[in-house]
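Q: Structure incoming, see below.
Every read-out reported here was derived from the displayed coordinates using simple, explicitly stated rules and does not represent laboratory data. Because the structure is predicted, anything quoted here is derived from the model rather than measured. When we count neighbours, we look across all protein chains shown, and the Cβ atoms used for this are built from the backbone with ideal geometry, even at glycine.
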């Protein structure tokens, strides 16, 4: 989370990252209050709790690919509005899911704010330009917008421990049919193959050529200074 924040505020060129998680983790949206029951359940089950720079509700990260895209607006395809950026990134994701054999579509209707805020969990509702398959959410996204640049996160679950998710979020089993994972949809590719396809389709969709960049010593030190901002448990 600290690196994503750092790259958004300091990089003068677009940055695309894919990563996974060292342990099961719940990330809260930037403006989301810490729920005492959620924090207690995370501690009980050994799940880390962090805050994202981006908005939205809580996301349970475990066996998944997380993407991060940050860019100055002037170096990203038009339009640069919130929906414009979501739409451009959605086109990339649609092609990715098509390539791995999962038919997805976009829920272009905004969920009512009150309905969206009722639950801690992001994956229980869909906002526009997020991926659905057979009515179930398969990828969650959230964005942060600055004056000159933006950051967008997305979570692509490979497998979901639905029972643990339900315990963390205080849900009954009737709420677990609103989301799905790659594995549940019959995709058995490993994370390396999936990452390669995501990279290939990103380059095609945005007509670019990615270059590998290892964080410098200065960037690592700067991220370390930001880290406490995002650590909750």
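Q: Counting only DSSP beta bridges with both residues in the chain, tell me the antiparallel percent, nearest 5. Show your work: numbers first, answer last.
A: Working: 30 of 36 bridges.
Once the DSSP bridges in the chain are tallied, antiparallel ones form about 85 percent.
Q: Expressed in nm to one decimal, what extension gain is obtained for the pair residue 227 and residue 187 from 0.36 nm per residue of sequence separation less their Cα-Cα distance? All intermediate terms of the calculation are to be shown ahead of the outcome.
A: Working: separation 40, 0.36 × 40 = 14.40 nm, distance 3.43 nm.
Going from the current span to full extension adds 11.0 nm.
Q: Using a basic spin-label model with each label point 7 Å from the Cα along Cα→Cβ, how many nm lie between residue 219 and residue 159?
A: Placing both labels 7 Å along Cα→Cβ, they lie 3.2 nm apart.
Q: Also, quick follow-up: Could you line up 192, 219 from fewest to most neighbouring Cβ atoms inside 10 Å?
A: Working: 192 8, 219 16.
Result, fewest neighbours first: 192, 219.
Q: Over every pair of different alpha-carbon atoms in the chain, take the mean of 1/r and invert it; report that Kirkwood radius in Å.
A: With all distinct Cα pairs of the chain included, I get 18.1 Å.
Q: Now for a different question. Explain nothing, just the number: relative contact order of the stretch 2-227, from Cα pairs under 8 Å at least 6 residues apart, as a whole percent.
A: 23 percent
Q: Using 0.36 nm per residue of separation minus the Cα-Cα distance, give me the extension gain between residue 95 and residue 20 in nm, one decimal.
A: Working it through step by step, the gained length comes to 24.9 nm.
Q: While we're looking at this one, here's another question. Only Cα pairs under 8 Å and at least 6 apart count here; give the relative contact order of the stretch 24-82 as a rounded whole percent.
A: 43 percent
Q: Between 89, 191, 156, which gets the highest mean-square fluctuation from a Gaussian network model of the chain, Cα cutoff 10 Å?
A: Comparing 89, 191, 156 in the GNM, the peak value goes to 191.
Q: Let me ask something additional. With a cut-off of 17 Å, note down the residues of the stretch 196-220 whose backbone N falls inside the zone around a label point 7 Å from the Cα of residue 75 toward its beta carbon.
A: Correct set: 203, 206-216, 219.
Q: Distance between the C-alpha centers of the stretch 59-97 and the stretch 163-233? Whole Å please.
A: 12 Å
Q: Is the C-alpha gyration tensor of the stretch 170-233 telling us rounded, prolate or oblate? Criteria: a/c under 1.5 is rounded; beyond that, a/b larger than b/c is prolate, otherwise oblate.
A: oblate
Q: What percent do you get for the relative contact order of the stretch 127-233 when only Cα pairs under 8 Å and 6+ apart count?
A: Over the stretch 127-233, the number comes to 17 percent.
Q: Looking at the square roots a ≥ b ≥ c of the eigenvalues of the Cα gyration tensor of the stretch 141-192, which shape do they give, rounded for a/c under 1.5, prolate if a/b is larger than b/c, or oblate?
A: The shape class here is oblate.
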